[in-house]
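Worksheet: the structure to be examined is printed underneath.
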Amino acid sequence: MTKTSLFTTIALTGALAGLLAGCSSSDEPAPTPTPTTTADAAPADDTCVDGVAWMQFDESGETEKSLPEGCATIVVNGNGGTLTAGPADTLVIMGNDNTVDLGAVGQIDLEGTGNTITHTTDADPVVNTDNDTNTVTRAG
């Protein structure tokens, strides 16, 4: 090998080492990512959230509840409950032997038997039910 070849090889090796040194990683840790969104908790029962109130009745809970301000849609789920509520566009009952006294209502959907609903609507609301054991009456 000649002096020029040796010198060229050493120069290229040095230049290559210098370039690779710029690509090496640092000893500093990378920043830890943080979440940008959080999960919202499920809406609570017995309150009107985004126009829907879920009123749950079961053997281990309260049997009498109230929702004085009403809600666009009120859903009663369970058996043997008593609800006093303000006005609603729609009342849905999924259960048996519930009693609901509410303000004005536009539509009542009944899935169950033995439910009693009293409302203050001047005109009769639309009532959807599959049996004749449910009672819907106007107060007063």
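Checking the stated criteria, residue 42 turns out to be loosely packed, with under 10 Cβ neighbours inside 10 Å and modelled with pLDDT under 95. Given 24, 60, which one is modelled with pLDDT under 95, over 30 Å from residue 134 (Cα atoms) and either of a type in the set (Phe, Trp, Tyr) or loosely packed, with under 10 Cβ neighbours inside 10 Å (or both)? Sole residue among the options that is modelled with pLDDT under 95, over 30 Å from residue 134 (Cα atoms) and either of a type in the set (Phe, Trp, Tyr) or loosely packed, with under 10 Cβ neighbours inside 10 Å (or both): 24.
What residue, of 105, 126, 100, is surrounded by fewer than 19 Cβ atoms within 10 Å (Cβ to Cβ) and not hydroxyl-bearing (Ser, Thr, Tyr)? Before you say what the answer is, go through the steps one by one.
On the way: 105 fails: surrounded by fewer than 19 Cβ atoms within 10 Å (Cβ to Cβ); 100 fails: surrounded by fewer than 19 Cβ atoms within 10 Å (Cβ to Cβ).
Going through 105, 126, 100 in turn, the sole match is 126.
Scoring residue 118 on the criteria (1) more than 24 Å from the chain's Cα centre (by Cα); (2) exposed (fewer than 15 other Cβ atoms within 10 Å of the Cβ); (3) without any contact (Cβ under 8 Å) to a residue 24 or more places away in the chain leaves a single failure, condition (2).
The values are calculated or read from the model by the stated rules, or taken from the named source; none is laboratory data. None of these values were measured; they are calculated from a predicted model. With ideal geometry, Cβ positions are generated from the backbone for all residues, glycine too; neighbour counts draw on all protein chains shown.
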